[in-house]
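Chemist: Next up is a structure, given as structure tokens.
The values are calculated or read from the model by the stated rules, or taken from the named source; none is laboratory data. Just so we're clear, the structure is a prediction, and the values are computed from it rather than from any experiment. Glycine gets a Cβ as well: all are built from the backbone with ideal geometry, and neighbour counts include every protein chain shown. Protein only, heavy atoms only, side chains kept; ligands, DNA and RNA dropped before computing areas. Shrake-Rupley method; radii C 1.70, N 1.55, O 1.52, S 1.80 Å.
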Amino acid sequence: MLVKLISIERAINGSYTLKEVLINPKHIIMVTDAPSWKRRLSEGVLPSGLHPETAFCRMILADSNYNKEMVIIGTPSEIENKVSLTAKRILRG
């Protein structure tokens with residue numbers, strides 16, 4: 001089962017956009033805090049409408065030939081909770 005998260009991606013013109021992504025939890029290698037993104041939020045570089053207390057984390061996913069890094073909205077604990085809830089739903093059927 002896939003987990004729905006919100007990622008931040010950089011557009012060709014250099015601006016940042018929010019995107020809804022579906023991630024297979026089996027491909028998650030690492031999730032860690034991303035404090036530099038908090039600074040970008042306070043500088044006004046990120047899309048407007050984000051709460052000043054928004055947390056960010058870096059997520060590394062295993063792909064077939066390489067690892068992909070994404071910036072996700074939320075703390076590592078929040079991501080872990082979402083992944084755990086998805087796994088429990090699968091087990092319950």
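Chemist: Counting only protein heavy atoms and a 1.4 Å probe, tell me what percentage of the chain's accessible area is made up of carbon and sulfur.
Modeler: 52 percent
Chemist: How high is the relative contact order of the chain, in percent, with contacts defined as C-alpha pairs under 8 Å that are six or more residues apart?
Modeler: Result for the chain is 30 percent.
Chemist: Follow-up question, since we're still on this one. So how long is each side of the chain along the principal axes, counting just the alpha-carbon atoms, biggest first, in Å?
Modeler: 44, 31, 19
Chemist: A further question on this structure: Roughly what angle does helix 76-92 make with the longest principal axis of the chain, taking Cα atoms, 0 to 90 degrees, to the nearest 10?
Modeler: 30 degrees
Chemist: Now for a separate question. Only loop residues by DSSP count here, and only those with at most 12 other Cβ atoms within 10 Å; note down the chymotrypsin sites (Phe, Trp or Tyr not before Pro) in the stretch 1-71 that meet that.
Modeler: Y66
Chemist: Mind listing which GluC sites (Glu not before Pro) in the chain are in a DSSP loop and have 14 or fewer other Cβ atoms within 10 Å?
Modeler: When the GluC sites (Glu not before Pro) of the chain are filtered for loop state and at most 14 Cβ neighbours within 10 Å, E43, E53 remain.
Chemist: Find the accessible area per residue for the chain; the probe is 1.4 Å, ligands and nucleic acids are left out, and the unit is Å².
Modeler: About 69 Å² of surface per residue is accessible.
Chemist: Give me the dipole magnitude in Debye, nearest 20, for the chain about the Cα centre, with unit charges on the beta carbon: positive for Lys and Arg, negative for Asp and Glu.
Modeler: For this selection, approximately 280 debye.
Chemist: Any idea how far apart M30 and S77 come out in nm if each label point goes 7 Å out from Cα toward Cβ?
Modeler: With each label point 7 Å from Cα toward Cβ, the separation is 2.2 nm.
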